[in-house]
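Single-structure report; data block below.
The values are calculated or read from the model by the stated rules, or taken from the named source; none is laboratory data. For clarity, every value in this text was computed on a predicted model and none was experimentally measured. Every residue, glycine as well, gets a Cβ built from its backbone with ideal geometry; the counts of neighbours run over all protein chains shown.
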Amino acid sequence: MNPSYKVNRAPKRSDEPIWWGLFGAGGTWFAMITPVTILVLGILVPMGIIDAEAMSYERVSEFATSIIGALFIIATLALPMWHAMHRLHHGMHDLKFHVGVAGKVGCYFFAGLISALSIIFILMI
């Protein structure tokens, strides 16, 4: 072992794993679930490949008020926003816009606000 290498026995705690977790979850959701949602709702239903009755107000409302549907809608709105805000926060740093803690708080506050609004939206249905 290199004698000049010393192990920091009291490392500073970081909140970065939380943001990276939300970033990864949002990116995965956006890459895997969002295209299928767009395909079904934006292409297959309008083309008549999937019966439009499957998307009737009653059926969609029933889905949205079920626990699975509510979680799906919340995740569809919230997770990509966490991904985008984490990317924006680090992108600003990469572009030499050093906004410090205020930029971090602003980005993550906005993602948290969208998450809270998506939960409120579901609860109001």
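Worth pointing out:
- Test: Ser14 is out of contact with any Cys (no Cβ under 8 Å at 6 or more places or on another chain) and not in a helix (DSSP H, G or I): yes
- Test result for Trp19, in a helix (DSSP H, G or I), surrounded by 11 or more Cβ atoms within 10 Å (Cβ to Cβ) and modelled with pLDDT under 95: yes
- Helices (runs of 4 or more DSSP H) fully within the range 49-125 counting 1 or more residues that are over 19 Å from the mean Cα position of the chain (by Cα) and surrounded by 11 or more Cβ atoms within 10 Å (Cβ to Cβ): 57-65, 67-94
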